[in-house]
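The values are calculated or read from the model by the stated rules, or taken from the named source; none is laboratory data. For clarity, every value in this text was computed on a predicted model and none was experimentally measured. Please note: Cβ atoms are built from the backbone with ideal geometry, for glycine as well, and neighbour counts cover all protein chains shown. Only protein heavy atoms, including side chains, enter the accessible area calculation; ligands, DNA and RNA are left aside. Shrake-Rupley method; radii C 1.70, N 1.55, O 1.52, S 1.80 Å.
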Amino acid sequence: MEKFMRRALELAAQARGCTSPNPMVGAVIVKAGEIVGEGYHHKAGTPHAEIHAINNAGGKARGAQLYVTLEPCCHRGLTPPCTAAIIQAGISSVVMAMQDPNPLVSGRGKAELEAHGITVQSGLLERKARKLNEFYIKYITTGLPFVILKSAMSIDGKIATYTGKSKWITSEVSRQKVHELRDTVDAILVGIGTVINDNPSLTTRLMGKEGKDAVRVIVDSNARLPLPSRVLHLDSTAPTLIAVTPKAPEDKISLLQATGAESLIIPARNDGKVSLKALMATLGKRKITSVMIEGGSEINASALQEGIVDKVMIFIAPKFIGGRTAPGLVGGQGIEHLSNAIGLEDIRVSKIGEDILIEGYICSVDY
């Protein structure tokens, strides 16, 4: 029944931002129409959702039905396979929202359960389950992080005044929402221009609870990052990675690394700037499954041009800034023909305080 899978999805979402590089998974055990056990995966390296639910149900799991948001794993990683625990607990049937895209599991977990006489159904609320784990799905199938382009602009499309001032375009409610988003991603990426102009900390500051700082990634082709910058000196458990090209001065790189930051030597594009595609591949190898871009118009343009963006989140404030030289949301040269415009799909519009949030996915992105 849908209500049990919805509960499993609710449970899974409680660990949003905590399970990377693993997926969020929730599980509910049902017997005679009643929930007798439930649980969710809290953090990579800890017991999976199915194990928590089975332990919660105890002996009531025998002959019961398991609702789980992702196909149970059948291989030993940091924890034992869940399929073995399901079989041993005597569960009679399993309803899973979706097949695990991980090649180590995909279809194999289902097959192992069926081989032991357990009935398995798949596809209940699959769309919701896939959206819940969009970071994981992109990463596990491509080796690349899921990329969100986040920006704030005025109703006339400006992200700063003609003098470069951008604090604050949107409301405090919207800014708090951004910190909640930071708490869910593995990395935050900005360009050197944003650091020079705004000197941001790029940390997570939540009201009423402790947040998780994401890895800070600075795209700085020529290693121009000022040494007093906050991203180099703030007390945070999150590292600062500085993406430079092979032509960046070695002496400046050494000075930056002396602050505790780490430099990533990334191939350059034809224009001499860091290749964002190559940077995403490097971050993926570090098991960074999600990146939120919080930069200015030029980094936004580069990210869209190189095709690394999966989703956009645009906060729009009900105010006019104006100015023919005031920067817009996307810089660069732009397109020549409207037929080359980048489209969005699966669009959602919501009100955040006095602002409007538009969310959408880049068209034709399929994993």
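Structure values in brief
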quantity	calculated
Average accessible surface area per residue within the stretch 235-367, 1.4 Å rolling probe, Å²	55
Cβ-defined net charge surrounding I86, 13 Å radius [Lys, Arg +1; Asp, Glu -1]	-2
Nearest-10 value in Å² for the accessible area of H233, using the 1.4 Å probe	110
Partner aspartates and glutamates for K277 [C-alpha distance under 14 Å; skip if fewer than 8 residues away on the same chain]	E306, D310
Surrounding net charge for T170, when Lys and Arg each add one and Asp and Glu each subtract one, Cβ distance under 13 Å	+3
Accessible surface of the stretch 237-299 [probe 1.4 Å, protein heavy atoms]: carbon and sulfur percent	52
Antiparallel DSSP beta bridges within the chain, percent to nearest 5	40
Given K128/K319; K138/K252; K273/K319; K319/K351; K285/K311; K3/K351, the pairs whose alpha carbons are separated by over 25 Å	K128/K319; K138/K252; K273/K319; K3/K351
Whole-number accessible area per residue in Å² for the stretch 33-135, which is evaluated in the context of all protein chains at 1.4 Å	46
Cα→Cβ-extended label distance, 7 Å offset, between N270 and E250, nm	3.0
Surface share of carbon and sulfur [accessible, 1.4 angstrom probe, percent] for the stretch 106-174	52
Within the chain, helix-based [θ] at 222 nm, where runs of 4 or more DSSP H residues each add -39,500 (n - 2.57), nearest 500	-7500 deg cm²/dmol
Amide H contacts of V147 (H built 1.01 Å from N, under 5 Å, at least 5 apart or other chain)	V291, D310, K311
Table column - 3J(HN,Hα) (Hz), the stretch 86-95, Karplus curve with 6.51, -1.76, 1.60, x for Gly and Pro	5, 5, 5, 6, x, 5, 8, 8, 10, 10
From phi via Karplus (6.51, -1.76, 1.60), per-residue ³J(HN,Hα) for the stretch 54-64 in Hz, x at Gly/Pro	5, 5, 5, 7, x, x, 5, 5, 5, x, 8
